[in-house]
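One structure is given below, encoded as structure tokens.
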Amino acid sequence: MKEIEIYDTHIIHADHTGLTYVGSDEKNHLIEYSLCAENYAKTHNQSTICVGERDIADMFFLFYTPNVAIKVVFKSRFVFNKKKHIFVGNRVKRFNALRQLIIESGYSTYDLS
């Protein structure tokens with residue numbers, strides 16, 4: 001499966017349906033949890049609420065979006081600006097905030113670490 005890498009600082013909106021990020025094309029793109037769960041289930045031949053994989057050791061989430069996987073990488077050591085960024089704080093805090101958001105949305109991610 002083809003993979004696109006973005007940084008968590010590119011995420012501009014997050015809710016119970018998914019994440020919106022600004023891509024390298026400067027356009028907004030949606031990572032829709034329900035579609036990710038469908039693709040994850042097809043890929044792994046099972047029924048699941050899992051939308052992808054996560055690895056806190058390498059600081060990323062991999063979402064199984066249609067046609068291409070989206071890898072959200074937590075590169076910046078610390079993010080301050082609450083007005084500009086959805087997730088703030090150190091990398092671990094931002095990683096856990098995204099994980100919690102996914103759980104509260106009724107979905108999960110497979111832990112690779």
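The values are calculated or read from the model by the stated rules, or taken from the named source; none is laboratory data. All values reported here derive from a predicted model rather than from experimental measurement. A quick note on method: Cβ atoms are made from the backbone with ideal geometry, for glycine too, and the neighbour counts reach across all protein chains shown.
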Of all residues in region 54-113, which are in contact (Cβ under 8 Å) with a residue 60 or more places away in the chain, aliphatic (A, V, I, L, M) and outside any strand (DSSP E or B)? 86, 98, 101, 102
Would you be able to tell me the number of residues in region 1-45 that are among the basic types (Lys, Arg) and either at pLDDT 95 or above or in contact with a Leu (Cβ under 6 Å, 6 or more places away or on another chain) (or both)? 1
Among the residues of region 26-39, is any of a type in the set (Val, Ile, Thr) and under 17 Å from residue 86 (Cα atoms)? yes
Filtering region 63-95 down to residues that are of a type in the set (A, V, I, L, M) and more than 15 Å from residue 10 (Cα to Cα), which residue is modelled with the highest pLDDT? 69
Give me the residue from region 64-97 that is touching a Leu at 6+ places or on another chain (Cβ under 8 Å) and either among the small types (Gly, Ala, Ser) or under 19 Å from residue 34 (Cα atoms) (or both) and, out of that set, surrounded by the fewest Cβ atoms within 10 Å (Cβ to Cβ). 66
Here is a check on your reading of the model: is residue 7 touching a residue at least 24 places away in the same chain (Cβ under 8 Å), aromatic (Phe, Trp, Tyr) and over 18 Å from residue 92 (Cα atoms)? no
Quick one: would you say residue 9 is surrounded by 13 or more Cβ atoms within 10 Å (Cβ to Cβ) and assigned to a loop (DSSP other than H, G, I, E, B)? no
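This table checks each residue for (1) surrounded by 15 or more Cβ atoms within 10 Å (Cβ to Cβ); (2) in a strand (DSSP E or B); (3) free of Cβ contacts under 8 Å to residues at least 24 places away in the same chain.
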{"position": "20", "(1), (2), (3)": "yes, yes, yes"}
{"position": "25", "(1), (2), (3)": "no, no, yes"}
{"position": "35", "(1), (2), (3)": "yes, no, no"}
{"position": "38", "(1), (2), (3)": "yes, no, yes"}
{"position": "51", "(1), (2), (3)": "yes, yes, no"}
